[in-house]
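These notes are about the structure you will find just below.
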Amino acid sequence: MKSVADVKLAAPCGLYCGACIDRLVYKSCHGCGCLCGECDATEHHKQCDVYQCCVNGKKLVDCSECLEFPCTRLIHFCYNPVWMHHLPVIENLRRRRTVGMGKWLEEQKRFWENEWYRRAWLWFQRECEERLKKYVEESKTLEE
C-alpha cells in the first residue's frame, strides 16, 4: 500500500487530488482523504453529496465498493455541466478496483507528471470555476 499521504489523494468519488487546482495552485488542500480539519478538504466533505453518502453514510473507502456503483448520484457528479473535470471519476474507480489502490496511485502520479496534461487540466479546472461563478450569478438573477 502507498503512504498515508498518497492515499489522501484518492478521493472516494474517483478524482485524483494530486491533479487538483486547490492542491497545486491554491495550496489550500491536502487531498480529499485528509482529516486534518485545517485544509479545504473539511469544507469539501461537508458540501459533497458523494462523500456524505460514501464515507459518512455507508462507511466505504470509495464508491466502487458500493453495491449500487455507479449510482445516479455518482453519474450526475461525473457529468455535471459546471464541474466537467469530474468526467473521469467512474472510469478511475473501475481502474482503481481492477488494479488496486497502490497501483492506481502510482499510475496517476506518473500520468500527472506530464507538464502538458497537468497544465491543461488546471486550465480546465479554472474554466469550471468560472462556470460556477456564472451559474451563481445567473441563479441570483432568476431568484429576483
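Assorted remarks:
- Residue that is nearest to residue 9 (Cα to Cα), among those in the stretch 48-78 that are among the aliphatic types (A, V, I, L, M) and open to solvent by less than 30 Å² (accessible area, probe 1.4 Å): 50
- The combined condition, being closer than 20 Å to residue 120 by Cα, of a type in the set (Lys, Arg) and assigned to a loop (DSSP other than H, G, I, E, B), is not fulfilled by residue 59.
- Note on the stretch 79-109: residues that are open to solvent by less than 90 Å² (accessible area, probe 1.4 Å), free of Cβ contacts under 8 Å to residues at least 24 places away in the same chain and closer than 21 Å to residue 120 by Cα amount to 3.
- Residue in the stretch 24-41 that is assigned to a helix (DSSP H, G or I), free of Cβ contacts under 8 Å to residues at least 60 places away in the same chain, closer than 29 Å to residue 130 by Cβ and open to solvent by 20 Å² or more (accessible area, probe 1.4 Å) present: no
- Residue in the stretch 113-120 that is surrounded by 14 or more Cβ atoms within 10 Å (Cβ to Cβ) and within 20 Å of residue 32 (Cβ to Cβ) present: yes
- Tally, over the stretch 1-23, of residues that are assigned to a helix (DSSP H, G or I), buried (at least 18 other Cβ atoms within 10 Å of the Cβ) and of a type outside the set (Gly, Ala, Ser): 5
Every residue, every condition in (1) modelled with pLDDT under 90; (2) hydrophobic (A, V, I, L, M, F, W, C); (3) over 16 Å from residue 7 (Cβ atoms), yes or no:
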residue	(1), (2), (3)
69	no, yes, yes
90	no, yes, yes
94	no, no, yes
101	no, yes, no
107	no, no, no
143	yes, no, yes
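The values are calculated or read from the model by the stated rules, or taken from the named source; none is laboratory data. Nothing here was measured: the structure is a model prediction, and the numbers come from that model. Virtual Cβ from ideal backbone geometry, glycine too; neighbours counted across all protein chains shown. Side chains included, ligands, DNA and RNA excluded: accessible areas come from the protein's heavy atoms. Shrake-Rupley method; radii C 1.70, N 1.55, O 1.52, S 1.80 Å.
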